[in-house]
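Asks: One structure follows; several queries about it will come next.
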Amino acid sequence: MKIDYRKISIYFFAAAFILVSSCTQKDPHNSLTESEKNEGWQLLFDGKTLNGWHAYNQKHLPPVWKVENGELKCVQIPSNLDHADLVTDSVYENFDLRFEWTIQKAGNSGVMINVQEDPKYAATFFTGPEFQMLDNANDQVHKGKAAEIAGAVYAVLPVKNEVQPKPFGEWNESRIVQNNGKITFWLNGVETADILINSDEWNELVNKSSLHTYPDFGKLTKGRIALQDHIDEAAFRNMKIKKL
């Protein structure tokens, strides 16, 4: 029997190519293009680990936060177990933050900016303004409150332009820009908030809100980014940031 070594070589190289390609294939949802890298974008979530994050005012990571299938998840666990918001190791001032999120039916969560980490603050929302994440369609708690639906600066600034989040279980695209104290929010490509922190308008809105009881809320324009543990299940991916 004559062996065709040429065919064997072709099969070998083809198999090797497939093996190498599968091993080096990037996560399509948690990676940066060369162009993005050159522009200064950095991943806040690598799709595999919780590197760069820690529990607010704690050194360990509570079991409520997990990484599964390229998603950073806040999962449901009994309320008597260890819960905590997740915050970045780094502090940010002027930035462009983009992320995708999904939430359970009637779920509520949020992303906070300018969070001050200090034992004198019991929670992230004592200092940090929140991008509200909500399943508007099924929520009954915040229904009819424009400052408490998805895309709002929670409890402070009502949604600027009408927009609805995707149905629960589907992915939403969000963006937060802060530049010299001016914050702008987007939900699925629609601008939902635009205001200058510490302006007369901002201070008046805060004073009228339920957050006025926290004297340091919304005062600073530099701090950590936080992901809220609201007990409801939520997930994040494609989290990237660029310093301005």
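Asks: Enter the accessible area per residue of the chain (Å², integer; probe 1.4 Å; all protein chains in place). Intermediate values should be presented prior to the final figure.
Replies: On the way: 13030 Å² over 244 residues.
On a per-residue basis, the chain sits at 53 Å².
Asks: Could you list which residues have their amide H under 5 Å from that of A193, counting only those 5 or more apart in sequence or on another chain, with H placed in the peptide plane?
Replies: Placed amide hydrogens put K160, F185 under 5 Å from A193.
Asks: From the residues T127, N161, L44, which one has its Cα farthest along the dipole of the chain in the positive direction, the dipole being from +1 and -1 charges on Cβ of Lys/Arg and Asp/Glu about the Cα centre?
Replies: Going by the Cα projections, it comes out as L44.
Asks: Right, here's the next one. Hey, rough spin-label estimate for A122 and T213, points 7 angstrom out along Cα→Cβ, what's it come to in nanometres?
Replies: 0.9
Asks: In deg cm²/dmol and to the nearest 500, what is the mean residue ellipticity at 222 nm of the chain if only DSSP H runs of at least 4 residues count, each as -39500 (n - 2.57), divided by the residue total?
Replies: Values: 3 runs with 35 residues, N = 244.
Counting only the DSSP helices, I get -4500 deg cm²/dmol.
Asks: Separate question: Suppose every K and R has +1 on its Cβ and every D and E has -1 on its Cβ; what is the size of the dipole of the range 141-219 about the Cα centre, in Debye to the nearest 20? Mind showing how you got there, number by number?
Replies: On the way: 8 positive and 10 negative charges, 28 e Å.
Roughly 140 debye for the range 141-219.
Asks: Sticking with this structure for a sec: Step through the residues of the range 49-66 one at a time and calculate ³J(HN,Hα) from phi using the Karplus curve (6.51 cos²θ - 1.76 cosθ + 1.60, θ = phi - 60°), rounding each to whole Hz and writing x for Gly and Pro.
Replies: 9, 9, 4, x, 10, 8, 6, 4, 6, 9, 9, 10, 10, x, x, 5, 9, 9
Asks: Take the alpha carbon gyration tensor of the range 116-244, find the square roots of its eigenvalues, order them as a ≥ b ≥ c, and report rounded if a/c is under 1.5; if not, report prolate when a/b exceeds b/c, else oblate. Could the numbers behind the result be given before it?
Replies: Details: a/c = 1.36, a/b = 1.31, b/c = 1.03.
It is rounded, given that a/c, with a ≥ b ≥ c, falls under 1.5.
Asks: Measuring from label point to label point, each 7 Å out along Cα→Cβ, what is the K105 to D82 span in nm?
Replies: Simple spin-label model gives 3.2 nm for this pair.
Asks: May I ask you to evaluate 6.51 cos²θ - 1.76 cosθ + 1.60, the Karplus curve with θ = phi - 60°, for each residue of the range 210-218 and list the ³J(HN,Hα) values in order in whole Hz, giving x for glycine and proline?
Replies: Karplus values, whole Hz, x for Gly and Pro: 5, 8, 5, 6, 9, x, 9, 5, x.
Asks: To continue, here is another question. Apply the a/c threshold of 1.5 to the C-alpha gyration tensor of the range 59-121 and tell me whether it is rounded, prolate or oblate. Mind showing how you got there, number by number?
Replies: Numbers: a/c = 1.76, a/b = 1.20, b/c = 1.47.
Oblate, because a/c is 1.5 or more while a/b does not exceed b/c.
Asks: Which value, in Å to one decimal place, does the Kirkwood hydrodynamic radius take for the range 114-166 when every pair of different Cα atoms is included? Could you put the intermediate results ahead of the total?
Replies: Values: mean 1/r = 0.0830 Å⁻¹.
With all distinct Cα pairs of the range 114-166 included, I get 12.0 Å.
Asks: Starting from 0.36 nm per residue, how many nanometres of slack lie between N94 and N161 once their C-alpha separation is accounted for?
Replies: Values: separation 67, 0.36 × 67 = 24.12 nm, distance 2.39 nm.
Length gained between N94 and N161: 21.7 nm.
Asks: K59: which lysines have alpha carbons under 28 Å from its alpha carbon, excluding same-chain residues fewer than 8 sequence positions away?
Replies: K48, K73, K120, K219, K222, K240, K242, K243
Asks: Test of understanding: given the chain, find the longest segment containing no GluC sites (Glu not before Pro) that are in a DSSP loop and have at most 12 other Cβ atoms within 10 Å.
Replies: Numbers: sites that count: E162, E170.
Between the exposed loop sites, the longest stretch runs 1-161.
Asks: Something else: In nm, what is the difference between 0.36 nm times the number of residues separating E204 and S31 and their Cα-Cα distance? Kindly include the intermediate steps, with their values, before the conclusion.
Replies: Values: separation 173, 0.36 × 173 = 62.28 nm, distance 4.06 nm.
Stretched fully, the E204-S31 segment lengthens by 58.2 nm.
Asks: Then there's this: What part of the accessible area of the chain, given as a whole %, is carbon or sulfur when the probe is 1.4 angstrom? Intermediate results must be reported in sequence, preceding the final value.
Replies: Working: 6870 of 13030 Å².
Percent of accessible area from carbon and sulfur atoms in the chain: 53.
Asks: Another question, if that's okay. Rg/Rh for the chain to two decimals, with Rh computed the Kirkwood way over all alpha-carbon pairs. Display every interim value, and only then the final one.
Replies: On the way: Rg = 21.3 Å, Rh = 19.4 Å.
Reported Rg/Rh, Kirkwood definition of Rh: 1.10.
Asks: Okay, moving on. How large is Rg/Rh for the range 74-189, to two decimals, with Cα atoms and a Kirkwood Rh? Could you put the intermediate results ahead of the total?
Replies: Working: Rg = 14.4 Å, Rh = 15.1 Å.
Result for the range 74-189 is an Rg/Rh of 0.95.
Asks: Can you work out the Karplus-derived ³J(HN,Hα) for every residue in the range 114-127? Use 6.51 cos²θ - 1.76 cosθ + 1.60 with θ = phi - 60°, whole Hz, and x for glycine or proline.
Replies: Using θ = phi - 60°, the values come out as 6, 6, 9, 9, 6, x, 6, 9, 6, 8, 4, 6, 5, 10 Hz.
Asks: What residues qualify as long-range amide H neighbours of N114, i.e. H under 5 Å apart, gap of 5 or more or another chain, H built at 1.01 Å from N?
Replies: Under 5 Å from the amide H of N114 lie the amide H atoms of G223, R224, each far enough along the sequence or on another chain.
The values are calculated or read from the model by the stated rules, or taken from the named source; none is laboratory data. Values in this document were obtained by computation on a predicted structure and should not be read as measured data. Please note: Cβ atoms are built from the backbone with ideal geometry, for glycine as well, and neighbour counts cover all protein chains shown. Each accessible area value is taken on the protein alone, full model and side chains, heavy atoms only, with ligands, DNA and RNA left out. Shrake-Rupley method; radii C 1.70, N 1.55, O 1.52, S 1.80 Å.
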